[in-house]
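Student: Could you have a look at this structure, given as structure tokens, before my questions?
The values are calculated or read from the model by the stated rules, or taken from the named source; none is laboratory data. Everything numeric here is computed off the predicted structure, so don't read it as measured data. Methodologically, a virtual Cβ is constructed for each residue, glycine included, from the backbone with ideal geometry; neighbour enumeration extends over all protein chains shown.
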Amino acid sequence: MIFAVTILITTLARADVTTNLITASTNENMMSQIKLAHPNVTIRSILPSETDPEIKTFDYKSGVFVNRDIVVDQSTNLPQDRHELLFWITGTGGKNIGPVAFSCVAADLGYHVINLNYVDDIPASICRNDSDPNGFEEFRMAIIRGGRSKHITVERSESIENRLIKLL
């Protein structure tokens, strides 16, 4: 896992990325700037409840990013399709489609990208003073698979696993 992340960061750092600069005074202008810099990336915003009607909470849009010229048309003058999913989950309090510019660069390098929203209103640091050494793991696994810990209860339908499976 760490090796894959290191490779991605190294690849992104070496990417020849050029942008048509626009002063971004609003989110709309920023999105316009990103779309100009990455015209071949298709961005889809999808509400979790559109993928599964059982999802009722944290119904904030997730993002899917793909460069169709790479993945579908297999253009020879672009990087090859890596056949790899870059799966991004934001930290506590994230309620948008994630790091859009980063995701577009990754899509332009041949990655398939998903930025997933999930139950993330309680920071994991809440477990820091727990006497149970498994408290942090139980907290995280409740969010990932659905379940209960001392600090949080997450229905299976609201879990990261279910959200990702339904989105795919």
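Student: Restricting attention to the stretch 139-147, does a residue exist that is in contact with a Cys (Cβ under 7 Å, 6 or more places away or on another chain), of a type outside the set (Val, Ile, Thr), buried (at least 16 other Cβ atoms within 10 Å of the Cβ) and at pLDDT 95 or above? Full working, then the answer.
Tutor: Going residue by residue through the stretch 139-147, those that are in contact with a Cys (Cβ under 7 Å, 6 or more places away or on another chain) are 139.
With of a type outside the set (Val, Ile, Thr) added as a condition, the list becomes 139.
Of the ones still in play, those that are also buried (at least 16 other Cβ atoms within 10 Å of the Cβ) are 139.
Of the ones still in play, those that are also at pLDDT 95 or above are 139.
Checked the stretch 139-147: at least one residue is in contact with a Cys (Cβ under 7 Å, 6 or more places away or on another chain), of a type outside the set (Val, Ile, Thr), buried (at least 16 other Cβ atoms within 10 Å of the Cβ) and at pLDDT 95 or above.
Student: Given (1) surrounded by fewer than 19 Cβ atoms within 10 Å (Cβ to Cβ); (2) at pLDDT below 95, identify the lone condition not met by Tyr118.
Tutor: (1)
Student: Scan the stretch 126-147 for residues that are under 20 Å from Phe58 (Cα atoms) and without any contact (Cβ under 8 Å) to a residue 24 or more places away in the chain and report the count. Explain how you work it out, then say what you get.
Tutor: If we filter the stretch 126-147 for residues that are under 20 Å from Phe58 (Cα atoms), which is where we start, we get 126, 139-147.
Cutting the leftovers down to without any contact (Cβ under 8 Å) to a residue 24 or more places away in the chain gives us 139-142, 144-147.
Residues in the stretch 126-147 being under 20 Å from Phe58 (Cα atoms) and without any contact (Cβ under 8 Å) to a residue 24 or more places away in the chain: 8 in total.
Student: Right, next: Out of Asp73, Asp69, Asp59, I need the residue that is over 29 Å from Asn162 (Cβ atoms), part of a loop (DSSP other than H, G, I, E, B), of a type in the set (D, E, K, R) and free of Cβ contacts under 8 Å to residues at least 60 places away in the same chain. Which one? If you could, list the steps in order and put the result at the bottom.
Tutor: Working: Asp69 fails: part of a loop (DSSP other than H, G, I, E, B); Asp59 fails: over 29 Å from Asn162 (Cβ atoms).
Residue meeting the stated conditions: Asp73.
Student: Going by the conditions given, is Asn29 out of contact with any helix residue (DSSP H, G or I) (no Cβ under 8 Å at 6 or more places or on another chain), farther than 30 Å from Thr153 by Cβ, assigned to a loop (DSSP other than H, G, I, E, B) and of a type outside the set (A, V, I, L, M)? Before you say what the answer is, go through the steps one by one.
Tutor: Values: out of contact with any helix residue (DSSP H, G or I) (no Cβ under 8 Å at 6 or more places or on another chain): yes; farther than 30 Å from Thr153 by Cβ: yes; assigned to a loop (DSSP other than H, G, I, E, B): no; of a type outside the set (A, V, I, L, M): yes.
Taking the combined requirement at face value, the residue does not satisfy it.
Student: On to the next question. Any residue at all in the stretch 81-91 that's buried (at least 19 other Cβ atoms within 10 Å of the Cβ), of a type in the set (Gly, Ala, Ser) and touching a residue at least 12 places away in the same chain (Cβ under 8 Å)?
Tutor: no
Student: Tally the residues that are under 15 Å from the mean Cα position of the chain (by Cα) and in a loop (DSSP other than H, G, I, E, B), restricting the search to the stretch 39-56.
Tutor: 1
Student: Out of curiosity, is Asp73 acidic (Asp, Glu), surrounded by 18 or more Cβ atoms within 10 Å (Cβ to Cβ) and either touching a Cys at 6+ places or on another chain (Cβ under 7 Å) or at pLDDT below 95 (or both)?
Tutor: Numbers: acidic (Asp, Glu): yes; surrounded by 18 or more Cβ atoms within 10 Å (Cβ to Cβ): no; either touching a Cys at 6+ places or on another chain (Cβ under 7 Å) or at pLDDT below 95 (or both): yes.
No; evaluated as a whole, the condition is false for this residue.
Student: Looking only at residues in the stretch 76-101 that are under 24 Å from Glu28 (Cβ atoms) and among the hydrophobic types (A, V, I, L, M, F, W, C), which one is modelled with the lowest pLDDT?
Tutor: Result: Ile97.
Student: Then there is this: Would you check if Asn162 is surrounded by 18 or more Cβ atoms within 10 Å (Cβ to Cβ), among the polar types (S, T, N, Q) and under 17 Å from the mean Cα position of the chain (by Cα)? Steps first, answer last, please.
Tutor: On the way: surrounded by 18 or more Cβ atoms within 10 Å (Cβ to Cβ): yes; among the polar types (S, T, N, Q): yes; under 17 Å from the mean Cα position of the chain (by Cα): yes.
Answer is yes for this residue.
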